[in-house]
Amino acid sequence: MLMKIKKCAYIILFMLACVYATPAVANSPVSFGSHTLFNDGWEFSLDSTNWKPVALPHDWSIEGTPSPDLASCTGYLPAGIGHYRKTFTLNDKHTKHYIYFEGVYNRSEVYLNGHLLGKRPNGYISFMYDLTPYLRKGENELCVRVDHSKSADSRWYTGSGIYRDVWLIASNKTHFKQWGIGYEAVKGDNDTWNLNVKTEIEGATQGLSLALTLTDKDGKSVSSATNDAVSAENTSVIQLANPHLWDIDVPYLYALHAKLMKDGNIIDTATVAVGIRSLQFDANKGFALNGKWMKVKGVCLHHDAGVLGSAVPKDVWHRRLLALKDIGANAIRMSHNPQAPDLYDLCDELGFLVMDEGSDEWEFPKRKWLKGWNKGEPGYEGSFDFFNEWIDRDVTDMVRRDRNHPCIFLWSVGNEVDYPNDPYSHPILDGNNSKINQPMFGGYKPDAPNAERIGKIAKRLAKCIRDVDTSRPVTGALAGVVMSNETEYPQAVDVVGYNYTENRYVEDHKTYPDRIIYGSETHGSLEAWKAVRDNEHISGQFVWTGMDYLGESGAWPSRGLGTGLLDFAGFPKVQGELFKSFWSDKPTVYITQFSPRRRRRNSDETQMITCFTNAYQARLMAEGKVVGTMQLRNDSTGIIMWRLSQPYDRLEAEACDKAGNVVARYILERGGEACKLRITDITIDPQSEVKQILVEAIDARGRLATSARNVVSCSTKGKTLLLGLENADNTDMSAPKATARKLHNGRLVAYVKGDIADVKFDCEFR
């Protein structure tokens, strides 16, 4: 087989990190008080009797073993009911103490010293409880019950447990409210911008004053404002002349420092990252960032990372996002729920636009496939049973938590809630259905919920968003556009997302000329991209998906859905290289091969070489000569192909401009039999506690042996822990936390918490 040369690949990744990353702002998780990570010292039990120590974040489902008897919709992994507990003492002098959970999946109950602090059924929402009334002097016990007994409650893998960070917040009695600081940047005359800052105070406000300071990336103060008569809700204006703008290419971040004072003493502080940018949507021209019209080249992302499950370290997301950036992606859709704060911080720092999304399901359950994807008898577990009680608060909390991220440019009320007959129906489904691209599970069903309900709920949720933030448009990802056009749903949102309905882009633009349309979810095909590229009024697309992900699995063995531009380990797939040729602004070329074919008339092998490039033309070189003649890029297929009469150990593609000048090169090399391992640290941030180690099987000449399927075992010593071995093989149904795994395409990635020097890899070669 041939190998892809990756010379200096990881040095390049590090350089990309330096180019794109702005020094991170130490944001206050809840916009008040002092915050301390509360992840260590926990114990966990599935039966309330056998306890084991765990460090958070923790996903207990990924610690299980996949079984064909479990639900395919969540990757054939178990769930259940879990219990966490932690004992602690507090010795500080603060008046108030709170516990803040970034996410617990799901249906959590939190107790302090036997007292119920509260319940939160939504597993994706961040929440906080006041510990103060039940705190004791000396030792305290915090307990969390997590009820994921409805294991098939999602179409994809969710994980189970306290799978995001937990924080202890300490404050005075009077402080900024939870997520009580928000801003909006508004452009004035002569390139002067107003930063309209809203602050909310909890507690007595008499005699309080407020000081706001904006600092640049070097920590230098650039503007400020004060308020000597603070009330429960305040609006302050900070003026800034000729600011650096936040952009996808140069994501410049300021820091807003808020101080709440009484009698000259500081009683509370908070820091918020600030990105100054303008958004513009137009029914005819699409989308503009800072006045520049552009195409949104987005991907949909679920929240898991293969063998890590849903407890994903920040550095893993960092490497994934850099890989997506290198492909040419500039936008992320949080599918289909609020995700970990780390991910939004990275999108701010690296320059990604973000669609933040509220939910995948409303008042009625969707089908969940239990024994295969879209096969067999579906299940109907879900979040519908707490929808009416909690959805307004959940959506409001999503916006309040995330509104200060400049990366966010769209708020979504939901995904595919209008799937025809799953669950809503409408008489239009008995009409001309040729332009409905999704399965309809039959024609109109009068006994099913009426689709007109969708518009009313969309209005309700859109109001929740606009009550908090009017600086960004509201959207929804429509699956059954033909049906939804008969309802108020499209009018309830500002920007209308079309899922897999590119065939309606032109027709609906004519029928609804004021409607702003984009591809909220599309196939990873040239046709889907051309529908964006060639229609000015379509602002962009979100390809399904940016990464392979767990759940929505096919028939066993299948741990997830392999539609990603990147694989489970975070490396570009062939599909990702194809989209790089569509999306990248830099000259790019890539070659791959089809399986060798035998000629019918003789026994000689031939090689079919496929080339993706965004250059004008390309040729193929081997042994210093042209073996594939110069060909123009074929825009109807997006590829160039050569058939070679003999195999070569080394091929080089040369992408050229119209004049024949080489603008990009790519080398494909044949690897021999594997004889040893090559170990490479591919961690992005050297300070990261979690390390990422690339393990490759190589031949005697140092070339990647892509056919190697050897078993690699990993052992650690001291306090260093192996978090998982990811080989990116979707058919590998071994236990995700196993300490040994087969190589796939000659490689795997090890995730290790601790010191790389304490990690050892073993592999037998013939």
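Residues that are under 25 Å from the mean Cα position of the chain (by Cα), of a type in the set (Lys, Arg) and either surrounded by fewer than 22 Cβ atoms within 10 Å (Cβ to Cβ) or at pLDDT below 95 (or both) within segment 710-766 comprise Lys737, Lys753, listed in sequence order.
Scanning segment 278-291 for residues that are surrounded by fewer than 21 Cβ atoms within 10 Å (Cβ to Cβ) and touching a residue at least 40 places away in the same chain (Cβ under 8 Å) returns Ser278, Leu279, Phe281, Asp282, Ala283, Asn284, Lys285, Leu289, Asn290.
When you scan segment 89-100, do you find a residue that is over 30 Å from Ser553 (Cβ atoms), open to solvent by 20 Å² or more (accessible area, probe 1.4 Å) and free of Cβ contacts under 8 Å to residues at least 12 places away in the same chain, even just one? Checked segment 89-100: at least one residue is over 30 Å from Ser553 (Cβ atoms), open to solvent by 20 Å² or more (accessible area, probe 1.4 Å) and free of Cβ contacts under 8 Å to residues at least 12 places away in the same chain. Scanning segment 450-500 for residues that are within 13 Å of Leu429 (Cβ to Cβ) and not aliphatic (A, V, I, L, M), we see that the one that is most open to solvent (accessible area, probe 1.4 Å) is Glu486.
Checking the stated criteria, Ile266 turns out to be at negative phi, open to solvent by 50 Å² or more (accessible area, probe 1.4 Å) and of a type in the set (A, V, I, L, M). Looking across segment 636-659 at every residue that is acidic (Asp, Glu) and out of contact with any Asp or Glu (no Cβ under 7 Å at 6 or more places or on another chain), the one that is surrounded by the fewest Cβ atoms within 10 Å (Cβ to Cβ) is identified as Asp657. Looking across segment 236-265, the residues that are closer than 24 Å to Lys173 by Cβ and free of Cβ contacts under 8 Å to residues at least 60 places away in the same chain come down to Ser236, His257, Lys259, Met261, Asp263, Gly264, Asn265.
Of the residues making up segment 147-171, those that are in contact with a Gly (Cβ under 9 Å, 6 or more places away or on another chain), of a type outside the set (Ser, Thr, Tyr) and open to solvent by 20 Å² or more (accessible area, probe 1.4 Å) are Asp147, Lys150, Arg155, Asp165. For segment 547-567, the count of residues that are open to solvent by 40 Å² or more (accessible area, probe 1.4 Å), modelled with pLDDT under 95, among the polar types (S, T, N, Q) and over 15 Å from Lys295 (Cα atoms) is zero. On inspection, Ile201 passes the criterion of being of a type in the set (A, V, I, L, M), in contact (Cβ under 8 Å) with a residue 24 or more places away in the chain, open to solvent by less than 20 Å² (accessible area, probe 1.4 Å) and touching a Lys or Arg at 6+ places or on another chain (Cβ under 8 Å). Residues in segment 408-435 that are in contact (Cβ under 8 Å) with a residue 24 or more places away in the chain, in a loop (DSSP other than H, G, I, E, B) and of a type in the set (S, T, N, Q): 2 in all. Does Leu668 satisfy being in contact (Cβ under 8 Å) with a residue 12 or more places away in the chain and buried (at least 17 other Cβ atoms within 10 Å of the Cβ)? Against the criterion (in contact (Cβ under 8 Å) with a residue 12 or more places away in the chain and buried (at least 17 other Cβ atoms within 10 Å of the Cβ)), Leu668 qualifies.
Within segment 600-608, is there a residue that is modelled with pLDDT under 95, open to solvent by 70 Å² or more (accessible area, probe 1.4 Å) and closer than 30 Å to Leu694 by Cα? Among the residues of segment 600-608, not one is modelled with pLDDT under 95, open to solvent by 70 Å² or more (accessible area, probe 1.4 Å) and closer than 30 Å to Leu694 by Cα, which makes the answer no. For segment 106-117, a residue qualifies if it is open to solvent by less than 10 Å² (accessible area, probe 1.4 Å) and within 30 Å of the chain's Cα centre (by Cα), and the qualifying residues are Asn106, Ser108, Val110.
Candidates in segment 374-407 are the residues that are over 22 Å from the mean Cα position of the chain (by Cα) and assigned to a loop (DSSP other than H, G, I, E, B); of these, the one that is surrounded by the most Cβ atoms within 10 Å (Cβ to Cβ) is Glu381.
Right, Val695: surrounded by fewer than 21 Cβ atoms within 10 Å (Cβ to Cβ) and part of a strand (DSSP E or B) or not? No; evaluated as a whole, the condition is false for this residue. Scanning segment 118-139 for residues that are of a type in the set (Lys, Arg), at pLDDT 95 or above and open to solvent by 10 Å² or more (accessible area, probe 1.4 Å) turns up Lys119, Arg136.
Applying the criterion of being open to solvent by 80 Å² or more (accessible area, probe 1.4 Å) and hydroxyl-bearing (Ser, Thr, Tyr) to the residues of segment 45-67, the residue that is farthest from Tyr105 (Cα to Cα) is Thr49. Checking each residue in segment 330-356 for being over 11 Å from the mean Cα position of the chain (by Cα) and not in a loop (DSSP other than H, G, I, E, B) picks out Asp345, Asp348, Glu349, Leu350, Leu353. In this structure, Val144 does not qualify as open to solvent by 10 Å² or more (accessible area, probe 1.4 Å), β-branched (Val, Ile, Thr) and over 30 Å from Met547 (Cα atoms). The single condition from (1) at pLDDT 95 or above; (2) polar (S, T, N, Q); (3) under 25 Å from Phe127 (Cα atoms); (4) over 22 Å from the mean Cα position of the chain (by Cα) that Ser61 fails is (4). If the condition is being open to solvent by 20 Å² or more (accessible area, probe 1.4 Å) and in contact with a strand residue (DSSP E or B) (Cβ under 8 Å, 6 or more places away or on another chain), then segment 68-83 contributes Ala79, Gly80, Ile81, His83. Give the residue that is farthest from Leu561 (Cα to Cα), with candidates limited to residues of segment 357-373 that are of a type in the set (D, E, K, R) and part of a loop (DSSP other than H, G, I, E, B). Taking the candidates together, the pick is Glu363. Remark: pairs (first residue in segment 614-637, β-branched (Val, Ile, Thr); second residue open to solvent by 80 Å² or more (accessible area, probe 1.4 Å); Cβ separation under 9 Å; 6+ apart in sequence or on different chains) = Val627/Gln646.
When Glu349 is tested against (1) under 21 Å from Lys691 (Cα atoms); (2) crowded, with 24+ Cβ neighbours inside 10 Å, only condition (2) is not met. The residue of segment 172-198 that is most open to solvent (accessible area, probe 1.4 Å), among those that are in a loop (DSSP other than H, G, I, E, B) and among the polar types (S, T, N, Q), is Asn190. Could you say whether any residue in segment 55-65 is part of a loop (DSSP other than H, G, I, E, B), free of Cβ contacts under 8 Å to residues at least 24 places away in the same chain and closer than 25 Å to Tyr344 by Cβ? Among the residues of segment 55-65, at least one is part of a loop (DSSP other than H, G, I, E, B), free of Cβ contacts under 8 Å to residues at least 24 places away in the same chain and closer than 25 Å to Tyr344 by Cβ, which makes the answer yes.
The values are calculated or read from the model by the stated rules, or taken from the named source; none is laboratory data. All of these numbers come straight from a predicted model, not from anything done at the bench. A quick note on method: Cβ atoms are made from the backbone with ideal geometry, for glycine too, and the neighbour counts reach across all protein chains shown. Accessible surface areas use protein heavy atoms only, side chains included; no ligands, DNA or RNA. Shrake-Rupley method; radii C 1.70, N 1.55, O 1.52, S 1.80 Å.
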